[in-house]
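To start, the structure under review is shown below, and the notes come after it.
All of the numbers you see were taken from the coordinates with simple rules; none came from a lab. Computed from a prediction, not measured in an experiment: that's the story for all the values here. Heads up, the Cβs are rebuilt from the backbone with ideal geometry, glycines too, and the neighbour counts pull from every protein chain shown.
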Amino acid sequence: MIESLSWRWFRVILPICSICCLYMCSFYIFICSTNSLIYSTVCLRYANESFCSEIDRNKSLRASQTSIQKESSQWSLYGTLSFAIIACFISPIYGSLSDTKNRKLPIMLTILNAIITGLIITIGSIFRGTKTSLLIYIFANIINGFGGGTLLLLSSCFGYVTNICTEKEQHVQAIAIIEASLNLGIIMGYVLCTFIFELHAKIWHILLVHVILLIIALFIGFIFLKSQSITDSSSINLWTKIKRPFLNIRDLIIDLKYNNLLLSFCILLLSFFFYELFRMGSSSVYYLYLHRMSFNDTQYAAYFTCEQIGTCLALIFLALLRRRWLINEIYLGIIGLCLSLVGLMLFAFASNNKAMIFGAIPSMMFGTYFPVCLRAVIAHLVPERDKGKAFSFIALIQNLDVILGTVACTQIYRASINVFVGLVFIFGVATRLIGLILILIQIFYISRSPQLSEKASIDTIQSPFLDIPLDSDDELIRP
């Protein structure tokens with residue numbers, strides 16, 4: 001009996017999308033609560049509750065707000081670095097597990113680690129207003145680093161799905177649908193944050209919701225994800241298993257070099273690095289910047305809810321677009337990158353103008369096209385056996401972005417807060433322009449490389465808008 005499309009869709013796509021949605025929902029609840037925890041704890045160490053509740057709206061308190069913002073950004077920096085440095089070393093190991101054990105294992109380990117981290121942070125929130133809370137926050141981030149965090153989970157999920165989708169043309173659709181589920185999770189996370197902040201609930205209540213969502217995601221992964229082994233590693237000794245992640249990276253580089261694809265792979269990674277440098281390092285800066293623009297916690301969550309709704313719609317549009325026309329991924333990525341520059345410029349010169357900040361949403365919502373399309377291009381370059389390694393490379397690049405981007409954004413924000421507070425967004429524009437230049441070099445290189453022409457389909461490069469009819473809905477996704 002032939003499987004129905006709905007069952008095939010459920011079995012292949014829906015479980016991983018559900019996990020991504022729940023994980024991102026819990027992650028952004030975590031972001032909202034920890035940002036609020038750090039900011040309020042730093043403030044309460046110097047003043048009382050009534051002072052801290054008025055600091056963002058009372059201009060006479062602006063001098064005090066500046067010093068609190070500087071110290072808050074410093075603690076955020078310590079937390080991010082304590083996580084990301086460890087995650088950089090863990091990423092290759094998890095990528096190797098994905099390729100040698102099974103695609104499911106890294107996903108489950110990351111979620112389990114996030115649950116432990118959430119429980120530690122929840123305990124730390126009880127001591128809000130004291131240095132103990134901040135130290136527990138740092139300790140929790142160290143533990144979180146051993147799970148790889150959000151970036152490694154997403155890379156593992158992309159490797160899982162692109163391995164299941166047998167047709168390369170399905171990769172952009174599958175990745176776009178996963179990205180849409182991620183943005184749906186972000187929307188849910190910010191909506192829950194807005195609702196809970198409106199109820200004036202304690203931060204540990206928010207963190208408890210974060211942990212519950214992760215437990216649900218772990219249950220879905222355990223029941224519904226396939227755990228088919230890639231290779232038999234039972235006879236391999238411990239030392240070989242330790243060396244294997246680094247040997248696998250070496251083998252991936254050798255394979256790419258042998259096929260004359262190494263330069264292209266490096267250009268794509270560098271372009272990805274510069275695009276993500278600001279995005280990965282700016283999470284705490286956004287929180288502090290919007291507070292300086294007189295946004296409270298509820299309005300902060302409301303803004304990002306609106307932005308993520310727009311991004312989710314943009315990704316759904318991308319999936320539908322790719323189903324109808326085989327538009328070259330690199331061109332779509334360039335469009336998204338250029339549009340994101342407009343939003344960053346509006347942020348840079350907002351100067352307490354909330355309309356300009358909300359006006360950045362239409363351009364920022366298409367910025368996600370760039371990472372989506374670059375992941376698809378990278379998936380085309382490597383063979384099936386190397387996809388876990390390739391996506392772990394991306395996770396490694398993004399973790400480096402977290403480290404370097406957080407340091408750069410924090411220090412630029414601290415140095416310019418009394419001069420031109422929007423300077424950090426100009427930095428974001430500059431890094432993305434570097435990414436744009438690199439991707440233009442990639443287009444030139446593709447046009448000169450027969451090997452890449454075969455991989456990327458030279459016809460779609462020369463004629464990027466091709467009408468691709470589908471015989472049936474079954475062609476959209478295959479197990």
Can you tell me the order of 307-314, 255-262, 107-114, 296-303 when each peptide is scored by its average per-residue count of other Cβ atoms within 10 angstrom, highest first? 107-114, 307-314, 296-303, 255-262
Amide H of residue 365: which non-local residues (sequence gap of 5 or more, or other chain) have their own amide H closer than 5 Å, using H built in the peptide plane? none
In sequence order, what are the phi-derived ³J(HN,Hα) couplings for region 66-82 according to the Karplus relation 6.51 cos²θ - 1.76 cosθ + 1.60 with θ = phi - 60°, rounded to whole Hz, with x for glycine and proline? 4, 5, 5, 5, 5, 5, 4, 5, 5, 5, 4, 4, 4, x, 5, 5, 5
Tell me, what ³J(HN,Hα) does each residue in region 361-373 have, in order and in whole Hz, if you take phi through Karplus 6.51 cos²θ - 1.76 cosθ + 1.60 with θ = phi - 60° and put x for Gly and Pro? 4, x, 8, 5, 5, 8, x, 5, 4, 5, x, 4, 6
Mind checking the log10 I(q)/I(0) for region 263-415 at q = 0.11, 0.17, 0.18 Å⁻¹? Debye, one equal scatterer per Cα, no solvent, two decimals. -0.49, -1.08, -1.18
Order of 44, 199, 344 from fewest to most other C-beta atoms within 10 Å? 199, 44, 344
Sort 181, 40, 447 so that the residue with the fewest other Cβ atoms within 10 Å of its own Cβ comes first and the one with the most comes last. 447, 40, 181
Less than 15 Å Cβ to Cβ from residue 401, Lys/Arg counted +1 and Asp/Glu -1: what total charge do the surrounding residues give? +2
Residue-ordered couplings for region 20-35, obtained by feeding phi - 60° into the Karplus form 6.51 cos²θ - 1.76 cosθ + 1.60 and rounding to whole Hz (Gly and Pro as x), are 4, 4, 5, 5, 5, 4, 5, 5, 6, 5, 4, 4, 4, 6, 6, 4
Using a 10 Å cut-off around each Cβ, can you sort 179, 71 from fewest to most neighbouring Cβ atoms? 71, 179
